[in-house]
Amino acid sequence: MTDIVACHDLSKTYRPDHLAVDALTDIELTIAEGEFASLVGPSGSGKTTLLNLIGGLDTPTAGEVYLRGQRVDTLAPGELADLRLNHVGFVFQAYNLIPVLTARENVELVMELQGLGTADRARLSRDILHEVGLEGLGDRRPAELSGGQQQRVAVARAIVSHPAVVLADEPTANLDSQTASSLLELMRELNQRHGITFIISTHDPMVMEFARRRVMLRDGRIVDDTVAA
Amino acid sequence: MSAGTVIRSTSPQRPGLRLYLRLAWRNVWRNPRRTLLTLSAVAFAAVILVFMVSMQLGGYGAMIRGATGVFTGDLQVQAEGYHAKQRLRTAIADASSVEARVAAVPGVTAVSSRAQAFALVSSATRTYGGMIVGVDPAKEPSVSTIPRTIRKGRYLSGATSDEAVVGQALASNLSLTVGDEITVLGQGLDGSLAVAVLKVVGIFSSGVPELDRQTVEMPLASFQSAFLLGDRVHAIVVRTGGLEAVPHVAGLIRAAIANRPGLTVLRWDQLLEGLKQGIAMDAAVGWFLYTALVLVVTFSILNTFLMSVLERTREFGVFLALGTRPRILGRVVILESVILLLLGLAIGTLAGAGITAYAGVHGIAFSSSEELLAQWSLPARIYPRLDLLSVTLGPAAILLATLVAALFPARRIRRLRPVDAMKAV
Amino acid sequence: MARLALLLRLARRSVLRNRRRTLIILVAISVALWAMIFFAALTRGWENDVVHNAIFTLTGHLQVHAPGYRDDPSVDHSMKPPNATVAQLLAGTEVAAWGTRVRVPAVVMSEHDTAGVTLVGIDPAAERGLSFIADAVHTGRYLDSPDDRGILIGRALADRLGTGVGKRVVVMSQAADHSVADRGFRVVGLFEGDREATEMAYVFVGRRTAMTMLKLGSRVSELAVMLRDRRQLPAFLARLRTAASGLDVQPWTTLEPMAQAMVALGQAWIWMFFVVMYVAMAFGLVNTMLMAVMERTREFGMLQALGMRPRLILIQVVFESCFLLAAGAAAGIGLAAGTLSLLHGGINLSILAQGAEMWGMGKVIYPAAAVVDVIGATALVVVLGVFSSLYPAWRAARRVPIEAITRN
């Protein structure tokens, strides 16, 4: 198995001038292709910061980040944007969708940015919406969808362009447990069926059950890294 | 004790103005960038309005002073009907006693009598038509600037001499120079031929093309004898302390000559109807422009007010849930807008007044349009007039319009229900 | 192209999303543009009127005089009628009308009063299309021929002189031999001018009658020419100057410097107002766009997280302001067109006629929207409006707002 994500000596300090806050310290982490990993730990432990650094949303204070062997932390903003567009899928806790676009258009957005033709987009988005169980809801705007449905659209959008990794930051935090469970079920299915790598940050015990690998963070350091049998 | 009394005994909400002010002031600075932009918009409009209104009023003042100062005067006493049809026989009889009465009226600073008639003016080689004006050489300089604009020669010296001063354009049309003789040929009061042979002692250039093209001034007494007028004159020209005093002084003069029927007192705005209307027209265009500006600024600001309320819907919900009355929230929001507006207006008004005061000292030059301005009795440099009116008029209009705009979003708060408000994002 | 379509769609829907805010800023933009265009049209109407009046009050597009006539318009500076070369030029296709005139200062007397005027001897037929007088007769009749023995005077002058059609007046002027020439005329008609000053200033008689009265022989004071198109003036002027060497050939712009100066002043006013209105509108636009951008921080963060390049986000915001500006501009132009079509018949200023005259205006002013002003105002608002929205756009695109997208 090849490493999809690799972090070496990764540190992030906010406000380095005064009142420095160390969000992450000396992180060493590799994630292999096809893994379904969870980042756990109390709030403020650095989960979100780590995901943002991996996805190129944020830049580290020190250390290196590699995505599919490509160095991420030294890229210019425009290159980072392209990296995210082609290799990373994001799912956030809430407010994932562009409110003025329908579910289908939200899914197609990434492909449009990639320059895919109309026919390809339509086909792929129809398939993917079917796969996440949102058949027939493609023409609804986010405001007309339930929280769980919105997160399914977000997942669909994250995987539609076959990214190297999908980074999900507390995707179930705003959902009731039944909805959360079915969303996680969906992500695991996608992981197993298509081999898409998932990294999910959470403090929801249910997520931890779903993930084989569990990386635990506390105060910006990795304190535990176990793979379930 | 019943529950009702308990409820009634809770103190009614009367938070002091200081709390409102503190809340409002902090809210104003929550979004400094937006606040600064709004302040700039208000201040910009205030600067423009203060400056333009001052310019306009200053320009009008200069126009009126220019137009009245050259020849017309602030007021004139005339025989009724003379202003409409300037006929030789429509004259004031027993003029010296009327003049004495007018001169005695408080507020009158200078008085001079004139008689005038249209006549043929001939030089050795040329003949032109001209307006012959009989003036009192001693008093005329106190009511008219013409004696001070002699370009060649000098002004009239004696009351009974056979001297004349001629407008520059007329002099050049007649090929006249100082020392030449002119013959004036007109019609006397009884219809007979009136002839006067005069010596040109000066050539004037008043700056008013119409006067320079056709006016000849000669001593009043000589004029009266040539045109057989006796002690009659056509106008008693009056100067007052200032344009503001004119209506009042006009009333006093009217009372002073009430025993002389057939006389009328005309103010400058009646004598120079065109000037008055021209100013009215220019002012109307000005109001149109200012209204448009205030309207655009108001709508520009309305959005800011509206947004600052809408984005805080949730916060208002919390306030309401805590038991704050909607009316009080509304007041705070209006107070915010008022603080913002007053601040912007203060900055704009001060800046506008500063710029205007500077221009008021140095004047604004319109070098390329001098000739055009002269035609409107305007000097080449216009000094904006800074006074209470010109400084407050524009900002007051902005305040009024924008306050209405501020009420609109504040009204929304009164309709808010806490539960809905807190659900809002 | 696909991306452009996406950006346009995002921009359009975002603008439509907050209808109230969009509507308010549209009102600001359209009122600004409406006021700009309307004011420009008023000013152009005034300019046109000044120019039209300058040209049709006896000036024409160009005039030929004896040297010295312009400084001293008397019988002493008269000239021979057009020679063969000049006549040939005048027969050219670009000439719409031309005529020779006698034009000297004079005094007109009735039994009641006397007034100074300019005596104009005309070819009545030649004045059609050359000056206002042929169509200005209010009561009585127009002159028949250059030999007509009647006189045409202005209504205001008739009032002042206490005379009228059928009555006699005496005109006095200086003859070519420096004797006083006087002659009685019967008033055959009263004319009405656009300005009272015109009615007071001119009296018209037959040209040959005037020449006889003033002992001018075959000499005249001036030749006035009207071209079919004002743009042909410079070329025609050059040819006429060659043909009429030794004479003073001048265009109307030189003959009526005031009209020219007023046009320049009007131009300056228009642009000053344009800039002021633009600035007032720009504050509103920038603030509105800034708000639109700030409240959508999350949305822009999301788009960036999905891999939209900052440049594209900037373009999207600029598109949004383009939509606002285009819609506002369209509404403003429509509003202005409506207002102007309501005022199609002109704005009647007769109650302020004397004031209008002070500004060089006639009794009716016809607002005239010049294409260049409409384009200028629209371009100023739209182009600079887009320019001023670059700041909010830059704020939206400048970095990934991590806080906004990851925290709830």
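Report yes if residue A:38 is in contact with a Gly (Cβ under 8 Å, 6 or more places away or on another chain), in contact (Cβ under 8 Å) with a residue 40 or more places away in the chain and either buried (at least 19 other Cβ atoms within 10 Å of the Cβ) or assigned to a loop (DSSP other than H, G, I, E, B) (or both), otherwise no. No; evaluated as a whole, the condition is false for this residue.
Here the condition is being within 14 Å of chain B (Cβ to nearest Cβ) and out of contact with any Gly (no Cβ under 7 Å at 6 or more places or on another chain); of C:264, C:244, it holds for C:264 alone.
Consider the range B:23-56 and keep the residues that are hydrophobic (A, V, I, L, M, F, W, C) and open to solvent by 40 Å² or more (accessible area, probe 1.4 Å). The one that is modelled with the lowest pLDDT is B:23. For the range B:144-171, a tally of residues being open to solvent by 70 Å² or more (accessible area, probe 1.4 Å) and among the polar types (S, T, N, Q) returns 3. Scanning the range C:341-375 for residues being more than 14 Å from every other protein chain (Cβ to nearest Cβ) and either touching a helix residue (DSSP H, G or I) at 6+ places or on another chain (Cβ under 7 Å) or open to solvent by 40 Å² or more (accessible area, probe 1.4 Å) (or both) gives a total of 13. For the range C:284-319, which positions are polar (S, T, N, Q), within 9 Å of another protein chain (Cβ to nearest Cβ) and within 20 Å of residue C:18 (Cβ to Cβ)? If the condition is that a residue be polar (S, T, N, Q), within 9 Å of another protein chain (Cβ to nearest Cβ) and within 20 Å of residue C:18 (Cβ to Cβ), then C:287, C:288 are the ones that fit.
Just one of the listed residues (B:34, B:114, B:89) is assigned by TED's automatic domain parsing to the domain that holds residue B:383 and either closer than 17 Å to residue B:263 by Cα or among the basic types (Lys, Arg) (or both), and it is B:34.
Taking the criterion of being facing chain B (nearest Cβ under 7 Å) and of a type in the set (A, V, I, L, M), the only residue of the range C:109-127 that qualifies is C:115. Looking across the range C:279-295, the residues that are buried (at least 21 other Cβ atoms within 10 Å of the Cβ) and touching a residue at least 60 places away in the same chain (Cβ under 8 Å) come down to C:280, C:281, C:282, C:284, C:285, C:286, C:288, C:289, C:290, C:291, C:292, C:293.
In the range C:206-234, the residue that is surrounded by the most Cβ atoms within 10 Å (Cβ to Cβ) out of those that are free of Cβ contacts under 8 Å to residues at least 60 places away in the same chain and not in a loop (DSSP other than H, G, I, E, B) is C:213. From the list C:187, C:203, C:137, pick out the single residue that is in contact (Cβ under 8 Å) with a residue 60 or more places away in the chain and either under 35 Å from the mean Cα position of the chain (by Cα) or surrounded by 18 or more Cβ atoms within 10 Å (Cβ to Cβ) (or both). Within the list C:187, C:203, C:137, the selection yields C:203.
Kindly establish whether residue A:48 is more than 28 Å from residue A:218 (Cβ to Cβ) and not in a strand (DSSP E or B).
No: the conditions fail for residue A:48.
The one condition from (1) polar (S, T, N, Q); (2) more than 14 Å from every other protein chain (Cβ to nearest Cβ); (3) buried (at least 20 other Cβ atoms within 10 Å of the Cβ) that residue B:303 does not meet is (2).
Among residues belonging to the range B:231-250 that are open to solvent by 40 Å² or more (accessible area, probe 1.4 Å) and either of a type in the set (A, V, I, L, M, F, W, C) or without any contact (Cβ under 8 Å) to a residue 60 or more places away in the chain (or both), point out the one that is nearest to residue B:65 (Cα to Cα). My answer is B:243. Evaluated against (1) within 29 Å of the chain's Cα centre (by Cα); (2) modelled with pLDDT under 90; (3) farther than 30 Å from residue C:220 by Cα; (4) not aliphatic (A, V, I, L, M), residue C:22 falls short on exactly one condition, (1).
For residue C:379, the stated conditions hold: it is open to solvent by 30 Å² or more (accessible area, probe 1.4 Å) and either more than 14 Å from chain B (Cβ to nearest Cβ) or assigned to a helix (DSSP H, G or I) (or both). In the range C:73-100, the residue that is farthest from the other protein chains (Cβ to nearest Cβ) out of those that are assigned to a loop (DSSP other than H, G, I, E, B) and open to solvent by less than 20 Å² (accessible area, probe 1.4 Å) is C:78. Selection of the range B:106-143 for residues being β-branched (Val, Ile, Thr) and either within 10 Å of another protein chain (Cβ to nearest Cβ) or open to solvent by 10 Å² or more (accessible area, probe 1.4 Å) (or both) yields B:108, B:109, B:111, B:121, B:125, B:127. Against the criterion of being outside any helix (DSSP H, G or I), aromatic (Phe, Trp, Tyr) and out of contact with any Asp or Glu (no Cβ under 6 Å at 6 or more places or on another chain), residue B:82 qualifies. Within the range C:140-156, count every residue that is open to solvent by 70 Å² or more (accessible area, probe 1.4 Å), within 18 Å of residue C:103 (Cα to Cα) and touching a Phe, Trp or Tyr at 6+ places or on another chain (Cβ under 8 Å). The total comes to 1.
Look at the range A:84-102: where a residue is more than 14 Å from residue C:306 (Cβ to Cβ) and a partner is in a loop (DSSP other than H, G, I, E, B) and among the hydrophobic types (A, V, I, L, M, F, W, C), sitting 6+ places away or on another chain with Cβ atoms under 8 Å, you get A:93/A:173; A:94/A:173. Would you point out the residue of the range C:365-387, among those that are of a type in the set (Val, Ile, Thr) and touching a residue at least 12 places away in the same chain (Cβ under 8 Å), that is farthest from residue C:338 (Cα to Cα)? Only one residue tops the list, namely C:386. Of everything in the range C:157-182 that is facing another protein chain (nearest Cβ under 10 Å) and polar (S, T, N, Q), the residue that is most open to solvent (accessible area, probe 1.4 Å) is C:179. Taking the criterion of being facing another protein chain (nearest Cβ under 7 Å), aliphatic (A, V, I, L, M) and touching a Leu at 6+ places or on another chain (Cβ under 8 Å), the residues of the range B:26-48 that qualify are B:37, B:45, B:48.
A quick yes/no check of all residues on (1) away from chain C (no Cβ under 14 Å); (2) surrounded by 15 or more Cβ atoms within 10 Å (Cβ to Cβ); (3) over 25 Å from residue A:190 (Cβ atoms):
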{"position": "A:25", "(1), (2), (3)": "yes, yes, yes"}
{"position": "A:28", "(1), (2), (3)": "yes, no, yes"}
{"position": "A:54", "(1), (2), (3)": "no, yes, no"}
{"position": "A:94", "(1), (2), (3)": "no, yes, no"}
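Being without any contact (Cβ under 8 Å) to a residue 60 or more places away in the chain and touching a Lys or Arg at 6+ places or on another chain (Cβ under 9 Å) is a property that residue B:346 lacks.
The values are calculated or read from the model by the stated rules, or taken from the named source; none is laboratory data. Note that the structure is a prediction, hence the values are computed from the model and not measured. No Cβ is skipped: glycine too gets one built from the backbone with ideal geometry, and neighbour counts run over all protein chains shown. Ligands, DNA and RNA are excluded from the accessible area calculation, which covers all protein heavy atoms including side chains. Shrake-Rupley method; radii C 1.70, N 1.55, O 1.52, S 1.80 Å.
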